[in-house]
Amino acid sequence: MIQLENIHLAFNEQVLIQNGNMNIPYHQVTLLTGESGSGKTSLLMDIGLLASQAQMKYLFDDILINKENENQRNELRQNAISFIFQENYLFEHLSLIENILFFANMTNHKLSEKQIREYLDFVDLNLDFNTSLKTMSGGE
């Protein structure tokens, strides 16, 4: 579970979030909404340990992230936190399966074609492994 307490997010003189709190429980879809420019993406980048723009107490599985060193943060980022970007950051010159295998290899995960098919089926993507990224939509 992720717990954020006393969130303060500001840019220059503009305060976007003040004294905010947020809990993200396991196995539950959590929606973060707000107007454009209200700090949603900045907060998500902080939660994903991709930035540190907000001041807050951040607990991830009862681990106080604020006290973790960079190596410990890297370990969490690599093995415990999943992040789906609004924009896809894939390699257009690689096929669908080549992209999946490339990113799996970055985290030392070995995937079989059967496992990849199961993952694609889980998210309702019935695509050929050799599908070109150029033919896929942003949502795919």
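The values are calculated or read from the model by the stated rules, or taken from the named source; none is laboratory data. Fair warning: this is a prediction, and the values are worked out from it, not measured in the lab. Here Cβ is always computed from backbone atoms with ideal geometry, including for glycine, and neighbour counts include all displayed protein chains. Note: accessible area is taken over every heavy atom of the protein model, side chains too, but ligands, DNA and RNA are not part of it. Shrake-Rupley method; radii C 1.70, N 1.55, O 1.52, S 1.80 Å.
Out of (1) under 30 Å from LEU4 (Cα atoms); (2) open to solvent by 60 Å² or more (accessible area, probe 1.4 Å); (3) free of Cβ contacts under 8 Å to residues at least 12 places away in the same chain, the odd one out for GLU68 is which?
Checking GLU68 against (1) under 30 Å from LEU4 (Cα atoms); (2) open to solvent by 60 Å² or more (accessible area, probe 1.4 Å); (3) free of Cβ contacts under 8 Å to residues at least 12 places away in the same chain, the one that fails is (2).
Pairs needed: first member in segment 1-20, under 22 Å from ASP62 (Cα atoms) and in a loop (DSSP other than H, G, I, E, B); second member anywhere, aliphatic (A, V, I, L, M) and open to solvent by less than 30 Å² (accessible area, probe 1.4 Å); C-beta distance under 6 Å; at least 6 residues apart or different chains.
Every condition considered, no pair remains.
Collect the residues in segment 22-37 that are surrounded by 12 or more Cβ atoms within 10 Å (Cβ to Cβ) and in contact with a strand residue (DSSP E or B) (Cβ under 6 Å, 6 or more places away or on another chain), keeping them in residue-number order.
MET22, ASN23, ILE24
Restricting the search to segment 102-119, which residues are among the aliphatic types (A, V, I, L, M) and either touching a helix residue (DSSP H, G or I) at 6+ places or on another chain (Cβ under 8 Å) or part of a loop (DSSP other than H, G, I, E, B) (or both)?
The initial filter retains those residues of segment 102-119 that are among the aliphatic types (A, V, I, L, M), namely 104, 106, 111, 116.
Residues satisfying the conditions are LEU111, ILE116.
Just checking, does segment 120-132 include any residue being assigned to a helix (DSSP H, G or I), open to solvent by 40 Å² or more (accessible area, probe 1.4 Å) and farther than 20 Å from ILE7 by Cα?
Applying the first criterion (assigned to a helix (DSSP H, G or I)) to segment 120-132 yields 120-122.
Right, trim to open to solvent by 40 Å² or more (accessible area, probe 1.4 Å) and you get 121-122.
Now narrow it down to the ones that are farther than 20 Å from ILE7 by Cα: 121-122.
Looking through segment 120-132, at least one residue is assigned to a helix (DSSP H, G or I), open to solvent by 40 Å² or more (accessible area, probe 1.4 Å) and farther than 20 Å from ILE7 by Cα.
How many of the residues making up segment 86-140 are in contact with a strand residue (DSSP E or B) (Cβ under 7 Å, 6 or more places away or on another chain) and hydroxyl-bearing (Ser, Thr, Tyr)?
Filtering segment 86-140 for residues in contact with a strand residue (DSSP E or B) (Cβ under 7 Å, 6 or more places away or on another chain) gives 95, 129-132.
Filter once more, keeping what is hydroxyl-bearing (Ser, Thr, Tyr): 95, 131-132.
Counting residues in segment 86-140 that are in contact with a strand residue (DSSP E or B) (Cβ under 7 Å, 6 or more places away or on another chain) and hydroxyl-bearing (Ser, Thr, Tyr) gives 3.
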